[in-house]
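> Just passing along the structure, written as structure tokens.
None of the figures in this text is laboratory data; all of them are computed from the coordinates on show. Just so we're clear, the structure is a prediction, and the values are computed from it rather than from any experiment.
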Amino acid sequence: MLRHAVLALMVLCIPAAAGVRVVVPAHDIARGAVISDSDLAYSTVANTTMSGIATSPAEVTGMEARRTLRAGETLRAQDLRHPVLIAKGSTVTMVFEAPGVLLTATGRAMSEAGLGETITIQNPVSFRKITGTVIGPGQVRAETGAARIAALDP
């Protein structure tokens, strides 16, 4: 009996600084499911394992699981993605912007992508492939040569 009381006291005396509170799934979450606050719980992990691990529900709420997430496992950035807004093979609207000019054209998505992700679009007339960023459901902001040059200029 005394042994159990000492063990319980030892557990209670572990300093809070021994770990960090992180967000974990409260139950198994299927691949492709969009995560909500009710899907999450907190757990404590050692400080040494913090690289890329979610510590706040705001970081993962509204994200989609890339793989099945097991209850109690830490959530890493590579386990999550923005929900798919563009499906592979779907027709999308490409938006080209330059100072004083706004052009739109249709194209075919070569892969699936979520908000803010890069995607390759094929022009159905020229079969030329264009890279862009998903800005909404079925909408892509196409990269132009000027935008790439500006991004390289310090």
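> Divide the volume of the convex hull of the Cα atoms of the stretch 18-81 by its number of residues and quote the answer in cubic angstrom per residue.
64 Å³
> Quick check: the distance between the Cα centres of the stretch 21-47 and the stretch 83-97, to the nearest angstrom?
30 Å
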